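K.L.:
A single structure is presented below for examination.
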Amino acid sequence: MPADAQVILDRSDTLRSELGGSFRDRMVEALYQNAQRVASRSVRATGAGKWDFDQRVDRLVTSRWLGLPLMLLLLGAVFWVTILGANVPSQMLASALFAVEGAAAAWFESLGAPWWLTGFVWHGVFRGLAWVVSVMLPPMAIFFPVFTILEDLGYLPRVAFNLDWLFRRAGAHGKQALTMAMGFGCNAAGVTSTRIIDSPRERLLAILTNNFVPCNGRFPTLIMLAVIFVAASFPPAVASFAAAGAVVGVVLLGVAFTLAVSWALSRTVLSGEASAFTLELPPYRRPSFLRILYTSLIDRTIFVLGRAMLTAAPAGAVIWLLANIEVGGAGLSTHAIRALGPLGEAVGLDGVILLAYVIAIPANEIVVPTMLMCYLGGSMMMDVTTYEQIRAVLVDQHGWTLLTAVNLMLFSLLHNPCATTILTIWKETRSPRWTALGAIMPLAIAFLVCLLTAQASRLLL
Amino acid sequence: MTPLGIFLAALVAGALIAMPRVGGAALWRRFRSRRERALSEDALKHILAWKHRSQLASLQSLAGALRIAPRSALRLAARLQSKGWIKIGGTGIGLTSSGERRALQVVRAHRLWERHLSDDANMPMARLHQAAEKAEHTLSRADVARLDAHLGHPEHDPHGDPIPRDDGKVAALNAVSLNEWPEGVAARIVHVEDEPHAVFRQILSAGLRPSLVVRVLERDSRHLLVEANSTERRIDRAVAANIEVEEARDRDLLPSDATRLSDLALGTAGEVVALGPRCQGFSRRRLLDLGLTPGATVQAALDNTFGDPRAFCVRGTMIALRKRQAEQVWIRRLPESPTRGAHS
Amino acid sequence: MDSPASGIADSRSALVNAAECQACPAHAQLARMGVDVAGSDHIVALAGNPNTGKSSVFNALTGLRQHVGNWSGKTVTRAEGAFALSGKRYKLVDLPGTYSLLSASQDEEISRNFLLFGQPDCTVVVTDATALERNLNLVLQVLEITDRVVVCVNLMDEAERKGLAVDVRSLSRDLGVPAVPTVARSKQGMAELVSTVAAVIDGEVKTSPLRVEHPAEVSDAIRGLAPLIEDLVPGLPNARWVALRLLDGDHRVREALLSGELAELANRQRQAAPAQSSRIRALEGAQ
């Protein structure tokens, strides 16, 4: 039987050469001719309809002068709504949860539980969870639905359309803008979504640089810093706008790094020129709000929060243990912070921040909670719930400066992807080399950039 | 301490050399076997090339072409002979049938790789040959088959040379030199010779490449006046000798009113005439699948801040194309009409 | 031939009927079963161009809530779900959205391979009523691979908004397979879609798919090749399509022919046939 099959294959090869090299062209042409005939018999135009409206909107959002400003305005509005809306619920959640912590710890003590059990369960595990929930849940519950509305409307492909020229200059694919947009939600999801890019080279670029989009796990850090350090120096009336502007600025910096790194990779390890490019601009669709609420809350918010809580609980335990296991008269965390101190100082951060990032490798969401737990240590400062109080702790007690805030924002934007994202890069590329590059390159860039800003500011100021 | 130190150093050095796969010895072995493969394959290609010129290669020609010492050429020939790939006679070196198949496999890998670099990575023509010279020795037969399928079984490489099939069959090229082509008759370039490189560069800089339709307008003893893409160029006879042409087929000839999709004014419509010959591989297949087949109506719908890409309405869908791709789509302008033809 | 207007009125009334049909028996029996795909009686594939609301159809049928973003290619993995009708359980496989099945990209390869080797009992091709011409390109390709196809003409509301009237009856007649108008977002037409799928699987509705007319020299080549393939693999329902793919140099189909995988497929279909006599009828109808 295989011999017969070979005969058929040879015959098909011969027939193909006889047809003269444009078989595919003719086949698709025939398909479309048939499709056109069938369609022309069953579709009839009844009038102009509302097609014109879509076109007018499209002409506006892609217009030469207004296209890009409109995009920035929308992005800013999304962050503004998030920051404005999340502030109060965050504080309420924090005070409520910390009240629970205090009450429960007292209840444990009244039952005669040993101090270490109370400490481990309530000041360790529970406090980690409480921080994650109060810092993350409100911004996510606002950001995800708002962003999903933009996605369902069909606006994101227009963003890709508007920005493709920049990506082309960097040797990348315009659809990378779409995968970056997905990265806002979660970098792992962003890496998976690079499958929409057909050409392998451009797809690798998108995978390796997705990390430069701050994901939801990192937003709370940026928002907190923007509110504490940027908004605080503006009058209250415009403070929220200033904070949103700062976050937009950080995101734009991330885009700049994405383009620069794509450009550098295109001229070195991934040399080549952008090849095939097609991008479909789907018609606008009216988003269905109930479904958006459902998918963005259940699929995204709860999913991301659940993952954060899964890592926050053990992280809380680890932090508590580090603080309370004493070696040579000081807690383990004190040793770790002291060891990381010089490196932290050199790049304009400090030992605590670096320790927080080490503990937060499984999930970036827990950086801020870890940091705050380390700073607050064993002290029972339950009342540190508002941004003003956090600012007081950071600036007055731990010597934070504007440089620390700026560098933490930079580091948060640029540093290595979380463990889930690294695993996803491995799954998508099946290459240890690209996975390693995807993890190490951002970390190196983060340290380098922070080192430069730290040295520059020390030289200038 | 010192003897122990020496011992440890020796141990580490030994391990570094002997480690499987990444050790020094393994790397050296791999380097040697790669170089050997490259030499053998280049030798076979050389002998095949001479055969095509109806000549027999010799040890001297082999040493010259591969830039190796005569002694090395002798060793190389002996190795190829022991593998049964060549026969050495009194008049020179010839290929056995298995040697010729092997040589054609290499040629196939080379030309497919050029096609791949040209189609998938847009590499400029002038750099293709060098890159493929290296890659051809690293591909296995299965790699080549996969590449062939991925590229959609192309018939010719970017220079216009036929790509040998897996069974060693090569499509015949019955082309003539541009010098001999009659004046005024449309001809399609089927092959441009990439060696010598200086002449090849002149051909490229004149904008001449395979699949282009040209007409010889007039000729004198030293020059030809050639028209292509409605521009006239004067080229040297020595350059024209390296360009081979065939009679243009009907579908190569674009109607005189054909323009590029990239030149379509915003809001106006056109009808697709053909996809340009430089649009190949995945890019071509994708454009076809989206419905950019001859006869389709396209409308330039949207522009953006940078003027690139632009969105076109094709068969009821809005598709953004980069300028570079839109240049590859030939259209005929349609008269402006109030009805939106693209959405019918 | 009917005037287009009557056909439109018909398609509209079908929509209205489907919407009013919430209480009718067919709809009452449709049970959305989410991801519980165990022990299903039939496999139904869901194919379609990107951005045709394929995910909405999937969600409406299974009761799942797969996210529906408005950009091409968001379904990057194959999703599975289930629904039940009249005591039978159906497994629904959502294939990646593709423009064609000519294996230009990984997505197309996945979809094509599932339709060919996964042998679904029925394939629903979701099309965009506002861009039918382009969507029919894919429909025609699916029809070459398998006879048991239902065309779901989705986004009927968008088409109306854009001033396009789609005569679904004429479309169905031209294609030789049932076509069902739907608005998946608001679950209109879903009941009819499901009952049509069931009818096609049970053989109550016979299909005779439209064959693409190729230029003479291509048809000649197909005619030269298809009989050889039928001799080698008797009972193969889509020898014509296999011939086309071989002429195009499709690597995967070449391998399937060489390795005997195609022969195995044909065998499986033959063995399954006695149990479901309706399938034989469907096959005979096609040949």
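The values are calculated or read from the model by the stated rules, or taken from the named source; none is laboratory data. Computed from a predicted model, the values in this text were never measured in an experiment. A quick note on method: Cβ atoms are made from the backbone with ideal geometry, for glycine too, and the neighbour counts reach across all protein chains shown.
K.L.:
Consider segment A:296-315. How many of its residues are within 13 Å of another protein chain (Cβ to nearest Cβ) and crowded, with 21+ Cβ neighbours inside 10 Å?
P.N.:
First, pick out the residues of segment A:296-315 that are within 13 Å of another protein chain (Cβ to nearest Cβ): A:296-303.
Applying the additional criterion that residues be crowded, with 21+ Cβ neighbours inside 10 Å yields A:296, A:300-301.
Counting residues in segment A:296-315 that are within 13 Å of another protein chain (Cβ to nearest Cβ) and crowded, with 21+ Cβ neighbours inside 10 Å gives 3.
Residues are listed down the side, and each one gets a yes or a no for (1) facing chain C (nearest Cβ under 8 Å); (2) over 30 Å from C:ASP231 (Cα atoms):
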position	(1), (2)
A:VAL7	yes, no
A:SER22	no, no
A:ALA39	yes, yes
A:ARG44	yes, yes
A:SER63	no, yes
A:LEU73	no, yes
A:PRO89	no, yes
A:PHE108	no, yes
A:THR118	no, yes
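K.L.:
Listed residues B:ASP167, B:ASP143, B:ASP157; which is out of contact with any helix residue (DSSP H, G or I) (no Cβ under 7 Å at 6 or more places or on another chain), under 26 Å from A:ARG26 (Cβ atoms) and of a type in the set (Asp, Glu)? It would help to see each step written out before you state the result.
P.N.:
On the way: B:ASP143 fails: under 26 Å from A:ARG26 (Cβ atoms); B:ASP157 fails: out of contact with any helix residue (DSSP H, G or I) (no Cβ under 7 Å at 6 or more places or on another chain).
Selected residue: B:ASP167, the only one of B:ASP167, B:ASP143, B:ASP157 that is out of contact with any helix residue (DSSP H, G or I) (no Cβ under 7 Å at 6 or more places or on another chain), under 26 Å from A:ARG26 (Cβ atoms) and of a type in the set (Asp, Glu).
K.L.:
Now for a separate question. Give just the number: which of (1) free of Cβ contacts under 8 Å to residues at least 24 places away in the same chain; (2) touching a helix residue (DSSP H, G or I) at 6+ places or on another chain (Cβ under 9 Å); (3) of a type outside the set (Phe, Trp, Tyr) does A:SER288 not satisfy?
P.N.:
(1)
K.L.:
Restricting the first residue to segment C:212-224 and requiring it to be more than 7 Å from chain A (Cβ to nearest Cβ), which pairs with a second residue that is surrounded by fewer than 16 Cβ atoms within 10 Å (Cβ to Cβ) meet a Cβ separation below 9 Å and a spacing of at least six or different chains?
P.N.:
C:SER219/C:GLU213
K.L.:
Follow-up. Which fully enclosed helices (runs of 4 or more DSSP H) of segment B:1-118 have 1 or more residues being buried (at least 19 other Cβ atoms within 10 Å of the Cβ)?
P.N.:
Ranges flagged: B:24-52, B:59-66, B:70-82.
K.L.:
Could you say whether any residue in segment B:181-192 is closer than 14 Å to B:GLU244 by Cα and without any contact (Cβ under 8 Å) to a residue 12 or more places away in the chain?
P.N.:
Scanning segment B:181-192, I find no residue that is closer than 14 Å to B:GLU244 by Cα and without any contact (Cβ under 8 Å) to a residue 12 or more places away in the chain, so the answer is no.
K.L.:
Hey, among the residues in segment C:83-95 that are more than 13 Å from the chain's Cα centre (by Cα) and crowded, with 23+ Cβ neighbours inside 10 Å, which one's nearest to the other protein chains (Cβ to nearest Cβ)?
P.N.:
C:PHE83
K.L.:
Follow-up. Out of curiosity, is A:PRO287 within 14 Å of chain B (Cβ to nearest Cβ) and crowded, with 17+ Cβ neighbours inside 10 Å?
P.N.:
Criteria not met by A:PRO287.
K.L.:
Go through segment B:312-340 and give me each residue that's within 14 Å of chain C (Cβ to nearest Cβ) and out of contact with any Asp or Glu (no Cβ under 8 Å at 6 or more places or on another chain).
P.N.:
Across segment B:312-340, the qualifying residues are B:PHE312, B:CYS313, B:VAL314, B:PRO338, B:THR339, B:ARG340.
K.L.:
Step by step: first the residues of segment C:116-174, then only those that are more than 27 Å from C:GLY203 (Cα to Cα) and assigned to a loop (DSSP other than H, G, I, E, B), then the one that is farthest from the other protein chains (Cβ to nearest Cβ). Which residue is that?
P.N.:
Within segment C:116-174, the match that is farthest from the other protein chains (Cβ to nearest Cβ) is C:LEU155.
K.L.:
Is it the case that B:GLU247 is acidic (Asp, Glu) and assigned by TED's automatic domain parsing to the domain that holds B:PRO210?
P.N.:
Yes; evaluated as a whole, the condition is true for this residue.
K.L.:
Going residue by residue through segment A:285-299, is there one that turns out to be of a type in the set (S, T, N, Q) and either outside any helix (DSSP H, G or I) or closer than 30 Å to A:PRO200 by Cβ (or both)? I'd like the intermediate steps shown before the answer.
P.N.:
Step one: of segment A:285-299, the residues of a type in the set (S, T, N, Q) are A:288, A:295-296.
If we keep only those that are either outside any helix (DSSP H, G or I) or closer than 30 Å to A:PRO200 by Cβ (or both) as well, we get A:288.
Yes, the conditions are met somewhere in segment A:285-299.
K.L.:
Consider B:ALA300 against the criteria (1) free of Cβ contacts under 8 Å to residues at least 40 places away in the same chain; (2) facing another protein chain (nearest Cβ under 9 Å): it satisfies all of them except one. Which criterion is unmet?
P.N.:
Condition not satisfied by B:ALA300: (2).
K.L.:
Does B:GLY281 satisfy being over 22 Å from A:LEU68 (Cβ atoms), within 12 Å of another protein chain (Cβ to nearest Cβ) and in contact with a His (Cβ under 6 Å, 6 or more places away or on another chain)?
P.N.:
Numbers: over 22 Å from A:LEU68 (Cβ atoms): yes; within 12 Å of another protein chain (Cβ to nearest Cβ): yes; in contact with a His (Cβ under 6 Å, 6 or more places away or on another chain): no.
No; evaluated as a whole, the condition is false for this residue.
K.L.:
Another question about this same structure. Given (1) at positive phi; (2) within 12 Å of another protein chain (Cβ to nearest Cβ); (3) touching a Pro at 6+ places or on another chain (Cβ under 8 Å), where does C:GLY189 come up short, assuming only one miss?
P.N.:
(2)
K.L.:
Tally the residues that are basic (Lys, Arg) and more than 17 Å from B:VAL314 (Cα to Cα), restricting the search to segment B:246-270.
P.N.:
Number satisfying all stated conditions: 2.
K.L.:
Ok, one more. Hey, among the residues in segment A:161-194 that are among the charged types (D, E, K, R) and surrounded by fewer than 22 Cβ atoms within 10 Å (Cβ to Cβ), which one's farthest from the other protein chains (Cβ to nearest Cβ)?
P.N.:
Within segment A:161-194, the match that is farthest from the other protein chains (Cβ to nearest Cβ) is A:ARG169.
K.L.:
Take A:THR82 and decide whether it is touching a residue at least 24 places away in the same chain (Cβ under 8 Å), polar (S, T, N, Q) and facing another protein chain (nearest Cβ under 8 Å).
P.N.:
Spelling it out, it is not the case that A:THR82 is touching a residue at least 24 places away in the same chain (Cβ under 8 Å), polar (S, T, N, Q) and facing another protein chain (nearest Cβ under 8 Å).
K.L.:
Out of segment C:180-236, which residues are hydrophobic (A, V, I, L, M, F, W, C), surrounded by 23 or more Cβ atoms within 10 Å (Cβ to Cβ) and in a loop (DSSP other than H, G, I, E, B)?
P.N.:
The one that is hydrophobic (A, V, I, L, M, F, W, C), surrounded by 23 or more Cβ atoms within 10 Å (Cβ to Cβ) and in a loop (DSSP other than H, G, I, E, B): C:VAL233.
K.L.:
For A:PRO214, which of the numbered conditions (1) part of a loop (DSSP other than H, G, I, E, B); (2) over 23 Å from B:ARG286 (Cα atoms); (3) modelled with pLDDT under 90 fails to hold?
P.N.:
(3)
K.L.:
Now, a different point. Name the one entry in A:ALA315, A:ALA336, A:ALA323 that is of a type in the set (Gly, Ala, Ser), in contact with a strand residue (DSSP E or B) (Cβ under 9 Å, 6 or more places away or on another chain) and not in a loop (DSSP other than H, G, I, E, B).
P.N.:
Answer to the selection: A:ALA323.
K.L.:
Would you be able to say whether some residue in segment A:254-275 is away from chain B (no Cβ under 14 Å) and under 30 Å from A:CYS374 (Cβ atoms)?
P.N.:
Looking through segment A:254-275, at least one residue is away from chain B (no Cβ under 14 Å) and under 30 Å from A:CYS374 (Cβ atoms).
K.L.:
Of the residues that make up segment B:254-273, is at least one small (Gly, Ala, Ser), surrounded by fewer than 16 Cβ atoms within 10 Å (Cβ to Cβ) and within 14 Å of chain C (Cβ to nearest Cβ)?
P.N.:
The answer is no, given that none of the residues of segment B:254-273 is small (Gly, Ala, Ser), surrounded by fewer than 16 Cβ atoms within 10 Å (Cβ to Cβ) and within 14 Å of chain C (Cβ to nearest Cβ).
K.L.:
If B:VAL185 meets every condition in (1) part of a loop (DSSP other than H, G, I, E, B); (2) within 14 Å of another protein chain (Cβ to nearest Cβ) apart from one, which number is that one?
P.N.:
Of everything listed in (1) part of a loop (DSSP other than H, G, I, E, B); (2) within 14 Å of another protein chain (Cβ to nearest Cβ), B:VAL185 misses just condition (2).
K.L.:
Only one of (1) more than 20 Å from A:LEU68 (Cβ to Cβ); (2) part of a helix (DSSP H, G or I) is not met by A:GLY171, so which one is it?
P.N.:
(2)
K.L.:
Within segment C:263-276, identify whether any single residue is in a loop (DSSP other than H, G, I, E, B) and in contact with a helix residue (DSSP H, G or I) (Cβ under 7 Å, 6 or more places away or on another chain), and answer yes or no.
P.N.:
Initial filter on segment C:263-276 (in a loop (DSSP other than H, G, I, E, B)): C:276.
From the residues that got through so far, the ones that are in contact with a helix residue (DSSP H, G or I) (Cβ under 7 Å, 6 or more places away or on another chain) too are none.
No; the residues of segment C:263-276 include none that is in a loop (DSSP other than H, G, I, E, B) and in contact with a helix residue (DSSP H, G or I) (Cβ under 7 Å, 6 or more places away or on another chain).
Residues checked against (1) in contact with a Leu (Cβ under 9 Å, 6 or more places away or on another chain); (2) charged (D, E, K, R):
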residue	(1), (2)
A:ARG391	no, yes
A:HIS398	no, no
A:VAL406	yes, no
A:ASN416	yes, no
A:THR424	no, no
A:LYS427	no, yes
A:TRP434	yes, no
A:GLY438	yes, no
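K.L.:
Out of all the residues in segment A:89-130, which are free of Cβ contacts under 8 Å to residues at least 12 places away in the same chain and over 19 Å from A:VAL318 (Cα atoms)?
P.N.:
Initial filter on segment A:89-130 (free of Cβ contacts under 8 Å to residues at least 12 places away in the same chain): A:92, A:96, A:103, A:106-107, A:109-115, A:117.
Within segment A:89-130, A:MET92, A:ALA96, A:ALA103, A:ALA106, A:TRP107, A:GLU109, A:SER110, A:LEU111, A:GLY112, A:ALA113 qualify.
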